Amino acid sequence: MKRIMMSAAAAGIAVAMATNARAEDPMTVYVPQGEVGKGARDGVDGTLGVAANVSLTGNDSVVGQTDGFSFLFGFALTGGLDYVAGSHEIRNTLSITEAWAQTPALDEMVKTNDVVGLESLYNFFFADSAGAFGRLSLQTNILETEDIRAEKKNFLITKGVESRELNGVDRVPLTSSFEPLTLAESAGLFWQPIRDEAINAAVRLGIGGRETLADGALVVTDIGGTEQIELTELANVFQGGAEAFVGVDGKLSEGRVGYRLGFDALLPVINNDPQERSSVDLLRLGLVGAVSFSVFEWMSLNYQLKVLSDPQLLDQAQIQNNLMLTLNYTLIKRNEPPPPPPPVNPEVEAALKKAEEAAQQAKAAEESAKAAEERAKAAEERAKAAEERAKTVEQPQ
């Protein structure tokens, strides 16, 4: 028995898992990613970072493993551009994630992840931890998506009460480039009751709209137990209503461990549901959780969970798990805020305060003495002038 294994450890290892969802499913979360904090320095600031991961494994006569080579490659790009002016803040973010895999079961590179997100967020602070916000976002995929099988299969495509069969094929186009395309707009109020590095809590309430352009796109909804693979054809979705978000995030262990947990809801009182279901039946719920461990400054282990219930778009819950060991490098770093002043000993602080008060008293005394001197000088000049006038009067005529 022989096993051949090659691993590009210097480039990272990535594992992706999905349940009841594919990477091409629209997984847009209806809330801003990350929270804001008043106190940033005024002006323009930005960041740009890249990340990559690759895994190469070969098996030969290994019990429990399929002979052949498996290859996985992925990369990500994240960027941000901010503008701060007093109580006004504008944050723009861009994220691109792409990944492909090839396994012995399918001797072809297959796309496993393809997400592009763009967001613009405006905040106006009424106070240090509360204010109003407005948000625009876009999410889509760049490349076409196909369901590729090692053997020819039979597919059943369903749209509403209608269905059609597609038999004897090993690949089915699911989506075109930039499909589905999800747009979201929202405005309302935010509050951050806890703002600390270890825990930052946030609440957002407002109104919002959401448009998903997905007419004709297909998603795999196969539940097994049948000879056919079930696909569901999607339709365009337009919604508007009330939204809410509650979330926490923070950093622990001197910033080496980060976490984020968020829950959001959209009650679509305005919608284009062809089944004319109530807004409660169409309630859109999303959950996002993430944990990251910094192994080195340039390497991190990240886990992310996304759960989305979007009944109007798809009756099934969309669940996505991602576990990734990633190399990352920041090309452009944000400006570091000025460090806080070092803590002062209470006794030293009291002594400094007394010294400051003494200096102020000395300055006041000096100013008082100077004023008295000026008054004395003025009195002397008046006396001298009076003496001159008296001499003039005493002179004989």
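The values are calculated or read from the model by the stated rules, or taken from the named source; none is laboratory data. The shown structure was predicted, so the numbers you read here are calculated from the model rather than taken from an experiment. Note that each Cβ is placed from the backbone with ideal geometry, even for glycine, and that neighbours are counted across all protein chains shown.
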Restricting to segment 71-111, give me the number of residues that are in a strand (DSSP E or B) and either in contact with a His (Cβ under 7 Å, 6 or more places away or on another chain) or within 30 Å of residue 46 (Cβ to Cβ) (or both). 27
Please determine, by comparing only the residues of segment 90-111 that are of a type in the set (D, E, K, R) and closer than 23 Å to residue 170 by Cα, which one is surrounded by the fewest Cβ atoms within 10 Å (Cβ to Cβ). 107
Check segment 227-241 and report whether any residue there is at pLDDT 95 or above and over 30 Å from residue 144 (Cβ atoms). yes
I need the full set of residues from segment 283-309 which are within 15 Å of residue 264 (Cβ to Cβ) and not in a strand (DSSP E or B), in order please. 283
Any chance segment 239-247 includes a residue that's assigned by TED's automatic domain parsing to the domain that holds residue 294, out of contact with any Ser or Thr (no Cβ under 9 Å at 6 or more places or on another chain) and outside any strand (DSSP E or B)? no
Of all residues being of a type outside the set (A, V, I, L, M, F, W, C), crowded, with 17+ Cβ neighbours inside 10 Å and out of contact with any Leu (no Cβ under 6 Å at 6 or more places or on another chain) in segment 223-239, which is farthest from residue 174 (Cα to Cα)? Just the residue, please. 239
Quickly run through segment 177-201 and pick out the residues that are more than 24 Å from residue 138 (Cα to Cα) and either loosely packed, with under 13 Cβ neighbours inside 10 Å or β-branched (Val, Ile, Thr) (or both). 193, 194, 196, 197, 198, 199
Please work out which residue is surrounded by the fewest Cβ atoms within 10 Å (Cβ to Cβ), limiting yourself to segment 120-133 and to residues that are among the small types (Gly, Ala, Ser) and part of a strand (DSSP E or B). 127
Of the residues 336, 276, 254, which is closer than 30 Å to residue 232 by Cα, not small (Gly, Ala, Ser) and not in a strand (DSSP E or B)? 276
Filtering segment 285-314 down to residues that are free of Cβ contacts under 8 Å to residues at least 40 places away in the same chain and under 18 Å from residue 115 (Cα atoms) yields 287, 289, 290, 302, 303, 304, 305, 307
Only one of these is in contact with an Asp or Glu (Cβ under 7 Å, 6 or more places away or on another chain), hydrophobic (A, V, I, L, M, F, W, C) and modelled with pLDDT under 80: 84, 62, 36. Name it. 36
If residue 334 satisfies every condition in (1) farther than 30 Å from residue 48 by Cα; (2) surrounded by fewer than 16 Cβ atoms within 10 Å (Cβ to Cβ); (3) in contact with an Asp or Glu (Cβ under 9 Å, 6 or more places away or on another chain); (4) charged (D, E, K, R) but one, which is the exception? (1)
Taking the condition under 23 Å from residue 318 (Cα atoms) and touching an Asp or Glu at 6+ places or on another chain (Cβ under 6 Å), does residue 243 pass? no
From the list 136, 189, 174, which one is assigned to a strand (DSSP E or B), more than 27 Å from residue 77 (Cβ to Cβ), aliphatic (A, V, I, L, M) and touching a strand residue (DSSP E or B) at 6+ places or on another chain (Cβ under 9 Å)? 189
Looking at segment 54-72, is at least one residue buried (at least 17 other Cβ atoms within 10 Å of the Cβ) and touching a helix residue (DSSP H, G or I) at 6+ places or on another chain (Cβ under 7 Å)? yes
Across segment 241-276, what is the number of residues that are closer than 22 Å to residue 216 by Cα and surrounded by 14 or more Cβ atoms within 10 Å (Cβ to Cβ)? 2
